[in-house]
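To keep things clear, I will list the structure first and then write my remarks on it.
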Amino acid sequence: MYSIIDPEKTYDNANICLSQGILYRTQKNQDVPTIFKIFPNPAYDQVTISYHIGEEQKANLIIQNCLGQSLQLHELSGDQSELNLNIQMLMSGIYTVKIVLDKQVLQQEKLVILR
(Lines give C-alpha, C1' and ligand atoms only; values in the text may rest on other atoms or scores of the structure.)
Protein backbone atom coordinates (compact mmCIF):
# COMPACT_ATOMS: atom_id res chain seq x y z
CA MET A 1 0.00 0.00 0.00
CA TYR A 2 2.77 2.47 0.86
CA SER A 3 4.44 1.85 -2.49
CA ILE A 4 1.92 4.16 -4.19
CA ILE A 5 2.56 7.03 -1.77
CA ASP A 6 5.12 9.53 -2.99
CA PRO A 7 7.11 10.84 0.01
CA GLU A 8 7.90 14.03 -1.94
CA LYS A 9 4.23 15.06 -2.12
CA THR A 10 1.82 16.41 0.45
CA TYR A 11 -1.51 14.63 0.59
CA ASP A 12 -4.19 16.92 1.97
CA ASN A 13 -7.36 15.62 0.35
CA ALA A 14 -9.26 13.71 3.02
CA ASN A 15 -10.85 11.26 0.57
CA ILE A 16 -7.55 10.37 -1.10
CA CYS A 17 -5.82 10.00 2.25
CA LEU A 18 -8.57 7.83 3.71
CA SER A 19 -8.68 5.62 0.61
CA GLN A 20 -4.98 4.90 1.17
CA GLY A 21 -5.37 4.29 4.88
CA ILE A 22 -3.83 7.58 5.96
CA LEU A 23 -5.69 9.16 8.83
CA TYR A 24 -5.03 12.82 9.50
CA ARG A 25 -5.97 14.10 12.92
CA THR A 26 -6.01 17.64 14.15
CA GLN A 27 -5.86 18.82 17.70
CA LYS A 28 -8.40 21.26 19.00
CA ASN A 29 -6.82 24.61 19.58
CA GLN A 30 -7.09 25.19 23.30
CA ASP A 31 -6.53 28.94 22.86
CA VAL A 32 -9.78 29.48 20.96
CA PRO A 33 -12.36 30.99 23.33
CA THR A 34 -15.60 29.12 23.88
CA ILE A 35 -18.51 31.20 22.59
CA PHE A 36 -21.28 28.81 23.63
CA LYS A 37 -22.05 25.58 25.45
CA ILE A 38 -24.98 23.21 24.97
CA PHE A 39 -26.59 21.38 27.87
CA PRO A 40 -27.83 18.80 28.35
CA ASN A 41 -26.14 17.05 25.47
CA PRO A 42 -27.47 14.49 24.56
CA ALA A 43 -30.85 16.15 24.91
CA TYR A 44 -34.44 14.93 24.86
CA ASP A 45 -36.97 17.75 24.39
CA GLN A 46 -35.34 20.90 25.80
CA VAL A 47 -31.84 22.29 25.45
CA THR A 48 -30.15 25.35 26.91
CA ILE A 49 -27.51 27.28 25.01
CA SER A 50 -25.25 29.36 27.24
CA TYR A 51 -23.40 31.94 25.14
CA HIS A 52 -21.11 34.96 25.36
CA ILE A 53 -20.96 37.56 22.61
CA GLY A 54 -20.20 41.28 22.76
CA GLU A 55 -22.84 43.39 24.50
CA GLU A 56 -23.60 45.49 21.43
CA GLN A 57 -23.54 42.55 19.02
CA LYS A 58 -26.31 40.51 17.51
CA ALA A 59 -25.55 37.03 16.23
CA ASN A 60 -27.56 34.12 14.87
CA LEU A 61 -27.74 30.62 16.26
CA ILE A 62 -28.43 28.07 13.54
CA ILE A 63 -29.35 24.41 13.99
CA GLN A 64 -28.61 22.27 10.94
CA ASN A 65 -29.26 18.63 10.12
CA CYS A 66 -26.60 16.25 8.78
CA LEU A 67 -27.30 17.47 5.23
CA GLY A 68 -26.47 21.06 6.16
CA GLN A 69 -30.08 22.21 5.94
CA SER A 70 -30.96 24.95 8.43
CA LEU A 71 -33.85 23.81 10.62
CA GLN A 72 -33.95 26.56 13.21
CA LEU A 73 -32.65 30.13 13.32
CA HIS A 74 -32.56 32.18 16.52
CA GLU A 75 -31.30 35.73 16.98
CA LEU A 76 -28.95 36.22 19.91
CA SER A 77 -28.32 39.55 21.59
CA GLY A 78 -25.34 40.48 23.71
CA ASP A 79 -27.46 41.59 26.66
CA GLN A 80 -28.56 38.00 27.31
CA SER A 81 -26.48 34.92 28.00
CA GLU A 82 -28.85 31.94 27.70
CA LEU A 83 -31.32 30.62 25.20
CA ASN A 84 -33.77 27.85 26.11
CA LEU A 85 -34.98 25.88 23.12
CA ASN A 86 -37.83 23.44 22.68
CA ILE A 87 -36.46 20.73 20.37
CA GLN A 88 -39.45 18.36 20.43
CA MET A 89 -40.05 18.88 16.71
CA LEU A 90 -36.56 17.60 15.84
CA MET A 91 -36.09 13.88 15.25
CA SER A 92 -33.49 11.79 17.07
CA GLY A 93 -30.08 12.34 15.52
CA ILE A 94 -26.98 14.47 15.40
CA TYR A 95 -27.29 18.16 14.57
CA THR A 96 -24.81 20.99 14.12
CA VAL A 97 -25.31 24.14 16.16
CA LYS A 98 -23.52 27.26 14.91
CA ILE A 99 -23.21 30.83 16.08
CA VAL A 100 -22.77 33.17 13.13
CA LEU A 101 -21.77 36.83 13.39
CA ASP A 102 -21.32 39.00 10.28
CA LYS A 103 -21.49 35.91 8.03
CA GLN A 104 -18.64 34.24 9.94
CA VAL A 105 -19.05 31.08 12.00
CA LEU A 106 -17.69 31.86 15.46
CA GLN A 107 -18.12 28.34 16.79
CA GLN A 108 -19.95 25.15 15.95
CA GLU A 109 -20.77 22.15 18.11
CA LYS A 110 -22.67 18.90 17.75
CA LEU A 111 -26.05 18.40 19.42
CA VAL A 112 -27.28 14.85 19.95
CA ILE A 113 -31.01 14.27 20.37
CA LEU A 114 -32.13 10.95 21.83
CA ARG A 115 -35.72 9.80 22.17
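Worth a mention:
- Enumeration of residues in the stretch 55-65 that are surrounded by 10 or more Cβ atoms within 10 Å (Cβ to Cβ), without any contact (Cβ under 8 Å) to a residue 40 or more places away in the chain and assigned to a loop (DSSP other than H, G, I, E, B): Asn65
- Enumeration of residues in the stretch 19-57 that are modelled with pLDDT under 65 and not β-branched (Val, Ile, Thr): Gln20, Gly21, Leu23, Tyr24, Arg25, Gln27, Lys28, Asn29, Gln30, Asp31
- Segments classed as strands (runs of 3 or more DSSP E), wholly inside the stretch 69-115, with at least 2 members that are at positive phi and modelled with pLDDT under 95: none
- Residues (among the hydrophobic types (A, V, I, L, M, F, W, C) and surrounded by 16 or more Cβ atoms within 10 Å (Cβ to Cβ)) located in the stretch 84-100: Leu85, Ile87, Leu90, Val97, Ile99, Val100
- The residues listed here are Gln104, Gln88, Gln69, Gln80; of these, the one that is free of Cβ contacts under 8 Å to residues at least 60 places away in the same chain, farther than 16 Å from Asp45 by Cα and more than 14 Å from the chain's Cα centre (by Cα) is Gln80.
The values are calculated or read from the model by the stated rules, or taken from the named source; none is laboratory data. Note that the structure is predicted; figures quoted are calculated from it, not measured. Please note: Cβ atoms are built from the backbone with ideal geometry, for glycine as well, and neighbour counts cover all protein chains shown.
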